[in-house]
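The structure under discussion appears below in the form of structure tokens.
The values are calculated or read from the model by the stated rules, or taken from the named source; none is laboratory data. In this text the structure is predicted, and so the values were computed from the model without any measurement. Don't worry about glycine lacking a Cβ; one is built from the backbone with ideal geometry, like all the others, and counts go over all protein chains shown.
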């Protein structure tokens, strides 16, 4: 097949890129390795979902034939060391937690603000918050964000298209805690319909959110917003369950298309004038490495998010059964904290499923079954936790490589992850753990639990950084337009390009960059 543009991956970045190109009059082939799941196909099984995947997840990739390596050990997609994102049409937006944060202006100037720690690869972005602000607004309105006024620590912006979700009983209690401490707080912005919009229903405040499909289809992802728009043009062809094995290059090294393989093992060559990679920070780097495209910087600076979470128990029941669970947040410690680099956002968390409560918060003194376990489970109604992602300090030695010996079911070398994050990341995480504990204490919680962080590779569902944006090809992969250095028609439209990953959930930044990259491609065509 010969088209104007091929987009590899249909998640937060790829779905938007495909829509922009198709609506600009270009013929587009949108390729997705996962399934095109119907709304009813996404499970609501508490034992098999993308949040608790021990027994499977239903949102891809398939458990057999798709391994990864982490520091030499082999993992399946439902195991923690795999660092999996959902693999389906819509990618992670099918089951994500929807927190719709803009990065703080200082997130783009971390090196200038704090200096460069020894042994790190901390750097400033080559673009600023101001460069991205109009595209943040476009994502908020075209994908659909519900929220209220911005945090006082953030720049002013246009009002969100929908009001924020109602505050839960937990959030109202935490708001009083903030007031006691003198901290500011605000409703957490979410990519969901708080009112009917776009032909879909509003959030019904059920308990199933992150890790699950949305029962009323109120969660706004690329699968139910921009991808339908792209298909409606008649110029976009979506091919699901189609894996991209490698990029095709001319004798001169120019990328001219891709080779795909389907579930029957049939290989097909597709040609295009432009190729956009949007498979996520791990798979995009893997594809480039297996295709021998890009320099030594490809795969380096892998980062995700450490989470600083505190949990405790209120004296009286606090659980009201109303989702999505996240409805209050504070940016009091996002920047400007003495002795640490950066900080992070803190919020109440999504509703903790009873099985996850039992799995993650059971004290060692409590047995896994029997009357004593049942007695402890009664504390569930009083359980509350707060926390959030913190700024990570990248390292060039945290990286995605490809295995020399392990291949997937298609015979393609698998991603091999290695390295550990920087000690400054652990230091900032410890600081934020104490702030989370302080918030719970001020809100009246008792028996507060925090877990001491240590050094490990951070990637997970917020994976980023492996195709860093920059000016110098020696330490970056893409330029300011997200075009791969040395290739005039190869672009990246996912979190791979993030220089730093912010103290926030990164999805709105992925979306904003995809809008900006798509506009740039069209403008230069």
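Does residue 258 fit the bill of being buried (at least 23 other Cβ atoms within 10 Å of the Cβ) and modelled with pLDDT of 95 or more? It is true that residue 258 is buried (at least 23 other Cβ atoms within 10 Å of the Cβ) and modelled with pLDDT of 95 or more. Inside the stretch 60-69, residues that are touching a strand residue (DSSP E or B) at 6+ places or on another chain (Cβ under 7 Å) and free of Cβ contacts under 8 Å to residues at least 60 places away in the same chain make up a count of 1. Taking the conditions (1) surrounded by fewer than 20 Cβ atoms within 10 Å (Cβ to Cβ); (2) in a helix (DSSP H, G or I); (3) in contact with a strand residue (DSSP E or B) (Cβ under 8 Å, 6 or more places away or on another chain) in turn, residue 227 satisfies each one other than (1). Look at (1) part of a strand (DSSP E or B); (2) surrounded by 14 or more Cβ atoms within 10 Å (Cβ to Cβ); (3) free of Cβ contacts under 8 Å to residues at least 60 places away in the same chain and you find that residue 404 fails only one, number (2).
Pairing residues of the stretch 103-116 that are on the phi > 0 side of the Ramachandran plot with residues that are not in a helix (DSSP H, G or I), at Cβ distances under 9 Å and at least 6 apart in sequence or on separate chains, gives 115/122; 115/341.
Looking at 426, 414, which one is more than 30 Å from residue 342 (Cβ to Cβ), within 22 Å of the chain's Cα centre (by Cα) and modelled with pLDDT of 95 or more? Let's see the steps before the verdict.
Values: 426 fails: more than 30 Å from residue 342 (Cβ to Cβ).
Answer to the check: 414.
Within the stretch 128-152, the set of residues being buried (at least 18 other Cβ atoms within 10 Å of the Cβ), over 12 Å from residue 512 (Cβ atoms) and either touching a helix residue (DSSP H, G or I) at 6+ places or on another chain (Cβ under 9 Å) or touching a residue at least 60 places away in the same chain (Cβ under 8 Å) (or both) comprises 144, 147, 151.
So is residue 500 farther than 30 Å from residue 382 by Cβ, under 22 Å from the mean Cα position of the chain (by Cα) and part of a loop (DSSP other than H, G, I, E, B) or not?
On the way: farther than 30 Å from residue 382 by Cβ: yes; under 22 Å from the mean Cα position of the chain (by Cα): yes; part of a loop (DSSP other than H, G, I, E, B): yes.
It is true that residue 500 is farther than 30 Å from residue 382 by Cβ, under 22 Å from the mean Cα position of the chain (by Cα) and part of a loop (DSSP other than H, G, I, E, B).
Among all positions in the stretch 430-453, there is no residue which is touching a helix residue (DSSP H, G or I) at 6+ places or on another chain (Cβ under 7 Å) and free of Cβ contacts under 8 Å to residues at least 60 places away in the same chain. Once the stretch 374-401 is narrowed to residues that are in contact (Cβ under 8 Å) with a residue 12 or more places away in the chain and out of contact with any strand residue (DSSP E or B) (no Cβ under 7 Å at 6 or more places or on another chain), the residue that is nearest to residue 120 (Cα to Cα) is 395. Residue check: residue 175 meets all listed conditions (1) surrounded by fewer than 17 Cβ atoms within 10 Å (Cβ to Cβ); (2) not in a loop (DSSP other than H, G, I, E, B) but one, namely (1).
Any residue at all in the stretch 322-343 that's under 25 Å from residue 106 (Cα atoms), at pLDDT below 95 and outside any strand (DSSP E or B)? Yes, the conditions are met somewhere in the stretch 322-343.
Only one of the listed residues (261, 276, 309) is within 26 Å of the chain's Cα centre (by Cα) and within 20 Å of residue 248 (Cα to Cα). That residue is 276.
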